[in-house]
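Data first, discussion second: the structure below is written as structure tokens.
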Amino acid sequence: KQEVTQIPAALSVPEGENLVLNCSFTDSAIYNLQWFRQDPGKGLTSLLLIQSSQREQTSGRLNASLDKSSGRSTLYIAASQPGDSATYLCAVQSGGATNKLIFGTGTLLAVQP
Amino acid sequence: SQTIHQWPATLVQPVGSPLSLECTVEGTSNPNLYWYRQAAGRGLQLLFYSIGIDQISSEVPQNLSASRPQDRQFILSSKKLLLSDSGFYLCAWNLGAGRTKGTEAFFGQGTRLTVV
């Protein structure tokens, strides 16, 4: 059974700092890994999708890496801003025809001005 | 472009009352559809998924049911709500595996359900 873990559970950093969020999964037979952002009381916004054949994806100040063999992914946020404050969730996709996502419990990020 | 609509945004219902949450997707056809629940302080739990009309699978035993009467419509229901049904419900879609494996998932804005 696939299990996804995110470390740390919460993180507080001063504005401008670079930071790394970690995600690990137990079963390496995945189709892809997706990073999401969730603002309080809102739905999930897709940030980056890494296919299983890829090593990393970049979007603006965000860079996500994937090491499928070791079951790990990282989300790197450069030059953090207060607007980056949110919960960040990673999810792996696998499971035959269903393409369902298995989520980690998230990292709550607070960027202090 | 594709969009996903979910309503209502918030709902307060008494114990024992029925429930109907609706989700619709625009701009694509034959999507996979999902209902997730996010309880306070916990991760997202997959409740139901559907790979086609009237094809519903349940991930966990519960007081809820789901239906897909049309290709891009997904409904979450209950005949009698329990206090434990309170939570944040999210609808999501992605492309079916019949066309490609591993596609990006998109979520609605969620429904905050409080059972009192």
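Some notes on this structure:
- Relative contact order for chain B: 35 percent, from Cα pairs under 8 Å spaced at least 6 residues apart, divided by residue count.
- In plain terms, the bigger the Kirkwood radius, the slower the diffusion; for segment A:10-113, with that radius from Cα pairs, at 37 °C and 0.692 mPa s, Stokes-Einstein puts D at 235 µm²/s.
- Per-residue SASA remark: residue A:105, around 100 Å² accessible (1.4 Å probe; ligands, DNA and RNA not included).
- Binning the C-alpha pair distances of segment A:1-60 at 5 Å intervals from 0 yields a P(r) profile of 4, 12, 19, 26, 23, 11, 4, 1 %, listed from the shortest bin outward.
- Spatially proximal aspartates and glutamates relative to residue B:79 (Cα-Cα < 16 Å; intrachain offsets below 8 disregarded): B:22
- Based on alpha carbons, the Rg and Dmax found for segment B:14-116 are 13.6, 43 Å.
- Accessible surface area normalised per residue over chain B is 47 Å², counting heavy atoms of protein chains with a 1.4 Å rolling probe.
- Cα centroid of segment A:23-56 to Cα centroid of segment B:40-54, whole Å: 16 Å
- Residues in segment B:42-58 that, when all protein chains are in place, have 20 Å² or more less accessible area than the chain alone would give (probe 1.4 Å): B:43, B:44, B:46, B:49, B:51
- Summing both sides, the accessible surface hidden between A and B at a 1.4 Å probe radius is close to 1800 Å².
- Measuring nothing but how far apart in sequence close Cα pairs (under 8 Å, 6+ apart) lie, relative to its length, segment A:28-74 scores a relative contact order of 30 percent.
- Rounded to the nearest 10 Å², the accessible area of residue B:103 at probe 1.4 Å: 20 Å²
- Fraction of accessible area attributable to carbon and sulfur, chain B (%, probe 1.4 Å): 52 percent
- Summary: within chain A, the longest segment free of trypsin sites (Lys or Arg not before Pro) located in DSSP loops with at most 12 other C-beta atoms within 10 Å is A:56-113.
- Proximal lysines relative to residue A:1, as straight alpha-carbon distance under 30 Å, when same-chain residues fewer than 8 apart are discounted: A:42, A:68, A:100, B:101
- Here the spin labels are modelled as points 7 Å beyond Cα on the Cα-Cβ line, and at residue A:2 and residue A:70 they lie 2.1 nm apart.
- Max-minus-min Cα coordinates of the protein assembly as shown on each principal axis give 49, 40, 34 Å, with the largest extent listed first.
- Value of relative contact order over segment A:1-84, rounded to a whole percent, pairs C-alpha under 8 Å and six or more apart: 32 percent
- Each of A:20, B:25 has its accessible area taken with a 1.4 Å probe; listed largest first, they run A:20, B:25.
- The Kirkwood radius of segment A:65-109, taken over pairs of alpha-carbon atoms, gives through the Stokes-Einstein law at 25 °C and 0.890 mPa s a diffusion coefficient of 195 µm² s⁻¹.
- Counting only the Cα atoms, segment A:36-78 fills a convex hull of 81 Å³ per residue.
The values are calculated or read from the model by the stated rules, or taken from the named source; none is laboratory data. Note that the structure is predicted; figures quoted are calculated from it, not measured. For neighbour counting, all protein chains shown are included, and Cβ atoms are generated from backbone atoms with ideal geometry for every residue, glycine included. Heavy atoms of the whole protein, side chains included, go into the accessibility calculation; ligands, DNA and RNA do not. Shrake-Rupley method; radii C 1.70, N 1.55, O 1.52, S 1.80 Å.
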